[in-house]
1. Beyond 25 Å between alpha-carbons counts as too far, so tell me which of 73/109; 80/195; 109/210; 180/218; 80/210; 73/180 fall in that bin.
2. What residues qualify as long-range amide H neighbours of residue 189, i.e. H under 5 Å apart, gap of 5 or more or another chain, H built at 1.01 Å from N?
3. Relative contact order (percent) for the stretch 72-217, with alpha-carbon contacts under 8 angstrom and 6 or more residues of separation?
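Rule-based calculations on the coordinates, nothing more; no lab input. What you see is a predicted model, and the numbers here were worked out from it, not measured in a lab.
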Amino acid sequence: MTRRHIVFLSALIALAVFAAAVFLYQRHTLQAAALQASEQAGAMVRPHSPVIGPVNAPVTIVEFFDPACEACKAFHPRVKQILAAFPRETRLVIRYTPFHREASVEAVKILEAARAQGKFGTTLEALLDGQRAWAGQGANASARVLSIAQSAGLDLDLARKHVAAGSAEALLAQDVLDLKAIGVRATPTFFVNGKPLASTDPDLLYDMVKNEVERVRK
């Protein structure tokens, strides 16, 4: 065996060892996430959480979601496609995850004001579509968020009164406590009937939901 062959074989073995280590680490991380989610099942869904889809659907997709998160925006159309594929069996529960701080908080306040007016879905779509205009504005995001929400049909006077009442802050405080208890560290983070999504892969999310739907249909 030549020196070149020995070097190549050594590199191949090292690559195999590295791949095995990555696989084991990912499996351990997923198992730990599943265990933590199971232990914190009561913190996964709260009565105050926004729900898209049938309230009593047998398959629950929980998304830890930040309206200022670019990845959440990119993922959202695929989530809608999954809900549309299984309209009777699935529901999406949104848990607010304000990792972008002030801008996220301002957006959540307006989303909750919109929910009170029955305009949550249209306002959410509008804020995601116009995300670049407000997401990097910190505490100054409020005016731009309000302007976008108004274009989606929000009554600004009612919205300002809702924000002033402070109900969104209490809701956000509970969501932050829950995401810490569950161990959420990035957005979007998904759980399907309590099982964590292994990676931010829309195809994997679809497969998880499909498997759960087929299970409950039996």
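1. From 73/109; 80/195; 109/210; 180/218; 80/210; 73/180, over 25 Å: 109/210; 180/218.
2. 64
3. Worked out over the stretch 72-217, it gives 28 percent.
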